[in-house]
Structures are given as C-alpha cells and as structure tokens.
Amino acid sequence: MLEIRDLRVKFHTRDRYAVDGVSLSIGGGEILGLVGESGSGKSVTAMAVAGLLPRKQCEYAGQILLDGTELLHAPRARLREIQGRKIGVVFQEPMSAMDPLMRVGRQVEEALLIHTDLSGAQRRARALEAMAQVELPDPEAVYEKYPHELSGGMLQRAMIAAAIVSGPGLLLLDEPTTALDVTIQAQILKLLKKLNGELCMSMLFISHDLNVVRGLCARVAVMQGGHIVESGDSDEVFHHPKEEYTKRLIAAIPRRRKEGRP
C-alpha cells in the first residue's frame, strides 16, 4: 500500500532536517501509529505523503510509493488526481480546516465534485451515506448546517466523512482527537476501528499520545528529531521499550493511581 524510503525534508528557514532518513511501510488494511513530541517530524511526514509539502520552501529527497506510484517527486497535476481520491486526510482542528461559509454537506462531497462525474443528486446521496457511516445523527439535517452549528465531535466526524467519501485506500489522521474531550476521543477511536474493519482502509494515525495509539494501532513507530528511533508491534513497544525516549513517552502517560496512593 504505502512505502516511504529514506525521506528527508529540510525547510529553507531551518538549520536542521525536519525529517531525516525516515523509512516506513503500511500494508493494506493496516493502521500504523506515528508517535512523538511536537516538532519531531510527524506532521511533515504526513504532509509529504499527502502531497502538501511547500516545495519551493524546502529541500526534499527519498521516495514515497503508493501502490507503486511515486508521489514525492510527482507533478502537481498527478498529485491532484490522487489527493482526495486515493488519499484522504483528517486534520487536528476541524473548525479551522472547514470553510465556515459553506454548508457541511457540500464540503463532505467536495472530493466527489473534483474526482467524479456524478450528478448533484448522486453526490448528495453518497455524502449522506458517508455521514451515516461515521455515525453522524440525522445526516439530512447535518448536511444543511454550517460548521459553527456543530459540536467539535460532530465536526470531526464530518471531516472523516469528507475524507472517506470517495473511497480512498489510505487515510492520514494528524492528531484527530487531540482537541476533543476524553469521552468524544474514545468515540472517534472506536469509529476509526469500525471504518478500518468495514472498509479495509489503511491508516497512518499521528499522535503524541502513545496510550491512544496503543489502543488503535497494530504497529507503532516513534519519532524524535526527524528520525524513527523505535518501531514494532504496539504492545511490544509499550511493554518493552528499547529507547530511552520511548520510555519517557510512556512515563508521561497519566495514571489513574500512583504507587502507595489511591
């Protein structure tokens, strides 16, 4: 499905590489977690995969292969054919990612407008189907609403609907639950698991929270300073971390109780 080979990205305004020699692979229907602190290179890696790197502002090298098609050096026209059709993206802040002046339903069906010849009625029907898939209550009513009329959790579901509406094989999720409260976060994670099972969609799930990734992803890769410092099965990395940085990430997970205290 996806293979990243020795990816390197350096912005002209920075002295060091934002991503320095990253190699990753995601199989069909697999969820891979990419974990690290802010500035570790997680989001830049996802931007490179999604074709969103500002090419005039950075140097980049390596290969990104999606089903054998090279993306990193592909022409912009080729990337536009892939973005939204073969790759869906869900961002951290749905309120800033969605157009506040456009109704939610029109934004959900936007990829269909770009990549298909479906009629308006057909696009609407497919958008409503996607909104039902992400368990939005009363999709018909939500379709006509504006983003400010929805809660954060409902907005994130709408963003996921927009990302899956055209049936992409790969979903990139850049900290999609960080801005949500714990209860809604758990609902979104459960939804992603369900979509992965029903649609057999590969996912790259980016987070700074190793505990969240452990519950969703079969494999995890840990990033620090633009490098992958550790990777493997989620449970193995969580219970038997090899790198000191991974141990610190695990130690930072809030516990319900401390030793000797309730």
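What does the helix-only formula give at 222 nm for the chain: each DSSP H stretch with n ≥ 4 adding -39500 (n - 2.57), the total divided by the residues, and the result rounded to the nearest 500 deg cm²/dmol?
-10500 deg cm²/dmol
What fraction, in whole percent, of alpha-carbon pairs in segment 1-130 exceed 21 Å separation?
50
Please report, as a whole percent, how much of the solvent-accessible surface of segment 1-158 comes from carbon and sulfur atoms (probe radius 1.4 Å).
The computed percentage sits at 50.
Given a 1.4 Å probe, how much area per residue of the chain is accessible, in Å²?
With the other protein chains kept in place, the chain gives 49 Å² per residue.
Sequence gap at least 6, Cα distance under 8 Å: using those rules, report the relative contact order of the chain to the nearest whole percent.
Once divided by the residue count of the chain, the mean separation gives 27 percent.
Apply the Debye scattering formula to segment 74-167, with a single equal point scatterer on each alpha-carbon and no solvent, then give log10 I(q)/I(0) at q = 0.19, 0.25 Å⁻¹.
Taking Cα atoms of segment 74-167 as identical point scatterers yields -0.82, -1.33.
Of 242, 56, which has the most accessible area and how do the rest follow, probe 1.4 Å?
Ranking 242, 56 by accessible area, largest first, yields 56, 242.
From the residues 237, 125, 89, which one has its Cα farthest along the dipole of the chain in the positive direction, the dipole being from +1 and -1 charges on Cβ of Lys/Arg and Asp/Glu about the Cα centre?
The residue sitting farthest along the positive end of the dipole is 237.
Quick one: if you stick a label point 7 Å off each Cα along the C-beta vector at residue 81 and residue 235, how many nm between them?
4.3
Taking a label point 7 Å from the Cα of residue 6 along the Cα→Cβ vector, which residues of segment 47-72 have an amide N closer than 15 Å to it?
Only 60-65 pass the distance filter.
Using a probe of 1.4 angstrom, how much of the accessible area of segment 172-237 is carbon and sulfur, in percent?
48
What percent of all Cα-Cα pairs in the chain falls in each 10 Å bin, counting up from 0?
7, 29, 35, 22, 6, 1, 0
Give me the lysines in straight-line cross-link reach of residue 10: C-alpha distance below 27 Å, same-chain residues under 8 apart excluded.
Result set, ordered by chain and number: 42, 56, 86.
Along its three principal axes, how long is segment 1-78 when you only count alpha carbons? Whole Å, largest extent first please.
Cα extents, longest axis first: 37, 32, 17 Å.
The values are calculated or read from the model by the stated rules, or taken from the named source; none is laboratory data. All values derive from a computational prediction rather than experimental measurement. Cβ coordinates were reconstructed from backbone atoms using ideal geometry, including for glycine residues, and neighbour counts include every protein chain displayed. What goes into the accessible areas is simple: the full protein's heavy atoms, side chains included, and nothing from ligands, DNA or RNA. Shrake-Rupley method; radii C 1.70, N 1.55, O 1.52, S 1.80 Å.
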